[in-house]
Amino acid sequence: MTDTLTISNLDPSPSGPRGAAVAGLLIVGWGGLMTWAAARGVFVQASGEIPLPMIGAVLTPPLLFSLAYLVAPSVRSFALSIDIRLLTALQAWRVLGFVFLALLSIDTLPALFALPAGLGDVAVGLAAPFVLMAVIHKRAGWQRRVFWLNVSGLLDFGVAVWSGLFAAQILLESGAAQNNLMAELPMSLIPAAIVPIFIILHIISFVQLRRISRPA
């Protein structure tokens, strides 16, 4: 990738405050819908069941966003108008994944899920400020750092979702008391509402990196 290209103003006509307001309403709306679903036990599964509701909750927003990006110029304009420095800085919030480790320490979450999910999130969150500084100062290789930060973030989600589903099945079969924690409020909002938002942020970062890397 070329490291000398500009960072911001990828799209000549960003949607600005209106696009941000619409995005905010969609996020709040999805969070409300997931809260309603969790309150009614939609994400609670029986032993042997495939957790389709939770899988759907994780994948639906990124898929809908990707489709909208391809067919709706206004969505594409808004996505490309978000400063890549902001997209990178937002990944620092992933340090809050330490809550999984805290719950593990009091035997509330299984290690099979809490360790990869917690350590992965914390690692991405701690790396984000360093990558952000590279972007701000346009250090050599900053694009590669942003790329690998986002790859790491997506891999962390993949491992966390897989380990969470696997751990849930083991706990359900054993009748352990921990089995419903990630399927009930408030913890269910992490995979059902927060993770999809961050996946979309990763997608936007990849799209912007591709645009930035194109020859003028």
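The values are calculated or read from the model by the stated rules, or taken from the named source; none is laboratory data. In this text, all values refer to a predicted model and were calculated from it rather than measured experimentally. Note that each Cβ is placed from the backbone with ideal geometry, even for glycine, and that neighbours are counted across all protein chains shown. Accessible surface areas use protein heavy atoms only, side chains included; no ligands, DNA or RNA. Shrake-Rupley method; radii C 1.70, N 1.55, O 1.52, S 1.80 Å.
Shown for the chain are the DSSP H helices of 24 Å or more along their axis, judged by Cα atoms, with a mean Kyte-Doolittle hydropathy of at least 0.0: 16-39, 52-71, 111-136, 142-174, 195-213. Solvent exposure of the chain, expressed per residue, is 53 Å² of accessible area, with all protein chains present and a 1.4 angstrom probe. Here the peptides 25-38, 74-87 are ranked by packing, the mean other Cβ count within 10 Å, and the order with the highest first is 74-87, 25-38. Volume of the convex hull of the chain (Cα atoms only), normalised per residue: 116 Å³.
Protein heavy-atom surface of region 80-216, 1.4 angstrom probe: 73% of the accessible area is carbon and sulfur, with nucleic acids and ligands not counted. Accessible area per residue was computed with a 1.4 Å probe on protein heavy atoms; residue 98 scores about 110 Å². Among 159, 22, 135, which one shows the highest mean-square fluctuation when the chain is modelled as a Gaussian network with alpha-carbon springs under 10 Å? Highest fluctuation of the listed residues: 22.
Between residue 36 and residue 20, the modelled labels are 2.8 nm apart [label points 7 Å from Cα along Cα→Cβ]. Among 162, 142, the order of accessible area from largest down is 162, 142, computed with a 1.4 Å probe on protein heavy atoms.
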